[in-house]
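Novice: Structure below; questions to follow.
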Amino acid sequence: MFGVQGRTIASVTLRATMGRKRALLFALPPLILIVVTLLLKLAHPSDPSWPSQILGVFGFSVVLPLTALIIGTSVLGAEVDDGSIVQLLATPVPRSVVIASKYVVATVLTMIFVALPELLAGLIATGGATRLAIGLFVGALAGSAMYNAIFVMLSVLTTRAIAFGLLYVLIWEGLLGNLVAGAKLLSVGHYSLGIANAIAHDSNLNAGLSAGTAIGMGAVVTAAALVVAARGLASFSLKGDAI
Amino acid sequence: MTAIELRNVSRWYGNVVAVNDITMTIGPGVTGLLGPNGAGKSTLLHMIAGFLAPSRGELTVGGAASWHNPEIYRTIGLVPERDSVYAFLTGEQFVRTAARLHKLPDPDAAARRAIAIVEMAGAQDRKISTYSKGMRQRIRVAGALVHDPQVLLLDEPFNGMDPRQRLHMMDLLHGLGERGRTILFSSHILEEVERLSGTIQVIVAGRLAASGDFRAIRRLMTSRPHVFLVRTSDDRKLGATLIGRPAVNGVEVTDGGLTVRAADYGTFTREIAALTRDQGIALRELLPEDESLESVFAYLVET
């Protein structure tokens, strides 16, 4: 997809990301989602309202952003922190290829650790390949792609990417996104719900944006974040002597 | 001939000037960038390597600017000071990864060649996490050499190495320099630079303090005045004798003993033993006061 350079970076990134102890954390939020779904299915097998509540609200405002945050800040941020990124940047690889390769790895991992569990939980909760299950799966796939662009960008711009990422997820999306109408327009969580609802047509999802707005805004935000990330990486500087 | 050229290069962080108006040209062969810790060596090396923008001035490697120019890494190989690599890779995988990132036509052959140069073939299939510090340094050099660059930059390459590993690395760099590569390495240890390079650039407090042939600069360093603190059974009597000697520039009697400014280190230290014996004075203490590297560098700045 990106030639030999992109494939090489992706392969090393994948090994580095999955080799860290932090990788165990990737599986925790989706595991909780599936366990909760199983328990609720046993307790309320025929109640139609909880699947969209749990898989939509909990899945899209907690599991998806937090897992994407852990993965998105791992693929590049860890190397920036420990300085091993210099080995990669002291080569003629275009910085856009570095960002694109890291982003693809983060997105695919998030899709595996969030979108697939969402689909599985949706199948369990609704008893089959319903519109809700498929909608949540597609929404989670799109959310994985959008969140990771932002988190990869944050890990280029700041060494406190996790802190800023948490602030965005908890304060902007969690608080303001639900209280202030305009904040939804800059909320990846709402873009994901909007895309999910375009298929699911379920009012319990509380989707605040139309599919068109969600896809359009999501594409713009994703592209902008990746461009900013590539530019930021091109200006990556090493600290000089301790003075 | 690929040269590193700096013209009036400065770099500052806020109000702090890290590198101050440096102009130099570095050609093929081994050049040592010498200076005390915090002198600005790393800042300078990072700017040459394209990992820091000069605040002012012009900096080129082989005629091209290195900042914001990834293509420059076809010419440059960099071994940064920070020893962080993908430790989960084997040595061979690490070097082959570097070869692929350089899009070399035959990455396997390039990796084999670079590993052979640093003599790491025997350990190339072990994970880097199992390597000693010296082995990690060598495999990092192999990674930096895999595309056969004209210029090799190394930031404090001998830090943490044992004497045998140092010698090996010195031989390696020396050989590369003799084959026409431009090798620039930084160090705060005089002896390392002395063994390895004929040409040095001395950086003190962000400025270029001395530049050129090592032996000339070394002579300047050893022939500088030295200050000694001397304690004896009769300080005044010795002081009176010392002031008549050509090797002594000045004597001051203090509460703690004699402060002697010697013009020549070797002559003074040989003479004082004989003088005290002849005068029947017991020599209790002889302390050189300014043997720190910083004082040597400070002296160079003054001259």
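Here, each number is a calculation from the coordinates, and none is a lab measurement. What you see is a predicted model, and the numbers here were worked out from it, not measured in a lab. Positions of Cβ are backbone-derived with ideal geometry, glycine not excepted, and every protein chain shown enters the neighbour counts.
Novice: With r defined as the distance between the Cβ atoms of B:GLU178 and A:ASP82 and R0 fixed at 45 Å, what FRET efficiency is calculated, to the nearest 0.05?
Specialist: 0.80
Novice: Quick one: 3J(HN,Hα) in Hz for the range A:28-45, Karplus 6.51/-1.76/1.60 with θ = phi - 60°, rounded, Gly and Pro as x.
Specialist: Values per residue, Gly and Pro as x: 5, x, x, 5, 4, 4, 5, 5, 4, 4, 4, 5, 5, 5, 5, 7, 10, x Hz.
Novice: Using Cβ contacts closer than 10 Å as the measure, can you line up B:ASP148, B:ASP255 from fewest to most?
Specialist: On the way: B:ASP148 14, B:ASP255 5.
Going from sparsest to densest Cβ surroundings: B:ASP255, B:ASP148.
Novice: Enumerate the calculated ³J(HN,Hα) couplings along the range A:52-61 in order (Karplus 6.51 cos²θ - 1.76 cosθ + 1.60, θ = phi - 60°), each rounded to whole Hz, writing x wherever the residue is Gly or Pro.
Specialist: Result, ordered by residue: 6, 5, 6, 6, x, 6, 5, x, 8, 9 Hz.
Novice: Using a ≥ b ≥ c from the Cα gyration tensor of the range B:27-91 (square roots of the eigenvalues), is it rounded, prolate or oblate, where a/c under 1.5 gives rounded and otherwise the larger of a/b and b/c decides, a/b for prolate? Could you put the intermediate results ahead of the total?
Specialist: On the way: a/c = 1.65, a/b = 1.24, b/c = 1.33.
The shape class here is oblate.
Novice: Per q in 0.09, 0.15, 0.17 Å⁻¹, report the Debye log10 I(q)/I(0) for chain A, using one uniform scatterer on each alpha carbon and no solvent.
Specialist: -0.39, -0.98, -1.19
Novice: I need the calculated FRET efficiency for the pair A:VAL220 and B:TRP12, taking r as the beta carbon distance and R₀ as 41 Å, to the nearest 0.05.
Specialist: Working: r = 38 Å, r/R0 = 0.92.
With a Förster radius of 41 Å, E is 0.60.
Novice: Which one, B:GLN137, B:GLN124, A:SER101, is farthest towards the positive end of the dipole of the protein assembly as shown when Lys and Arg carry +1 and Asp and Glu -1 on their Cβ?
Specialist: Most positive-ward Cα: A:SER101.
Novice: In peptide B:80-86, how many Cβ atoms from other protein chains are near each Cβ within 10 Å, on average?
Specialist: Mean shielding count: 6.
Novice: Now for a different question. Can you list the lysines whose alpha carbon is less than 25 Å from that of B:LYS127, not counting same-chain residues fewer than 8 positions off?
Specialist: Filter leaves A:LYS21, A:LYS102, B:LYS103.
Novice: Across peptide A:89-101, how many C-beta atoms of other chains are within 10 Å of each residue C-beta, on average? Mind dumping the intermediate values first?
Specialist: On the way: counts 7, 17, 17, 12, 6, 2, 2, 0, 2, 2, 0, 0, 0.
Mean partner shielding for this stretch: 5.
Novice: Could you give the size of the charge dipole of the protein assembly as shown about its Cα centre, using +1 on the Cβ of each K and R and -1 on the Cβ of each D and E, expressed in debye and rounded to the nearest 20? Kindly include the intermediate steps, with their values, before the conclusion.
Specialist: Working: 48 positive and 42 negative charges, 195 e Å.
Here the protein assembly as shown has a charge dipole of around 940 debye.
Novice: Moving on to the next point. Karplus couplings for the range B:270-281 from phi (6.51 cos²θ - 1.76 cosθ + 1.60, θ = phi - 60°), rounded to Hz, Gly and Pro as x?
Specialist: Per-residue couplings from phi come out as 6, 6, 5, 5, 5, 4, 5, 5, 4, 8, x, 9 Hz.
Novice: Please list the non-local residues whose amide H lies under 5 Å from the amide H of B:ALA209, H modeled 1.01 Å from N, same-chain partners needing a gap of 5 or more.
Specialist: Under 5 Å from the amide H of B:ALA209: B:VAL202, B:ILE203, B:VAL204.
Novice: Check cross-link reach from B:LYS41 to the lysines: straight Cα distance under 25 Å, and skip same-chain residues fewer than eight apart.
Specialist: The reachable lysines, counting only those whose Cα sits under 25 Å from B:LYS41, are A:LYS239, B:LYS133.
Novice: Shifting gears a bit: For chain B, what is the charge dipole size about the Cα centre, in debye to the nearest 20, if Lys and Arg each add +1 at the Cβ and Asp and Glu each add -1 at the Cβ? Please report the intermediate quantities before stating the final value.
Specialist: On the way: 35 positive and 34 negative charges, 130 e Å.
The calculation lands at about 620 debye.
Novice: If you line up the long axis of helix A:95-110 against the longest principal axis of chain A, both from Cα atoms, how many degrees apart are they, to the nearest 10?
Specialist: The helix A:95-110 is inclined about 30 degrees to chain A.
Novice: Grab the beta carbon distance between B:ALA116 and A:ARG131, set R0 = 41 Å, and tell me the FRET efficiency rounded to 0.05. Please report the intermediate quantities before stating the final value.
Specialist: On the way: r = 62 Å, r/R0 = 1.52.
Once rounded, the FRET efficiency stands at 0.10.
Novice: Have a look at A:LYS184, A:LYS21, A:LYS41 and tell me which one the Gaussian network model of chain A (Cα, springs below 10 Å) gives the largest fluctuation.
Specialist: A:LYS21
Novice: Assign one of three labels to the range B:123-198, namely rounded, prolate or oblate, based on the Cα gyration tensor with a ≥ b ≥ c the square roots of its eigenvalues; rounded applies when a/c is under 1.5, prolate when it is not and a/b is larger than b/c, and oblate otherwise. Provide the component values of the computation, followed by the final result.
Specialist: Values: a/c = 2.06, a/b = 1.22, b/c = 1.68.
Since a/c reaches 1.5 but b/c is at least a/b, the shape of the range B:123-198 is classed as oblate.
Novice: Something else now. Evaluate peptide A:13-26: per residue, the Cβ atoms of other protein chains within 10 Å of its Cβ; return the mean as an integer. All intermediate terms of the calculation are to be shown ahead of the outcome.
Specialist: On the way: counts 1, 0, 4, 4, 0, 1, 3, 1, 0, 0, 0, 0, 0, 0.
Going residue by residue through A:13-26 and averaging, the value is 1.
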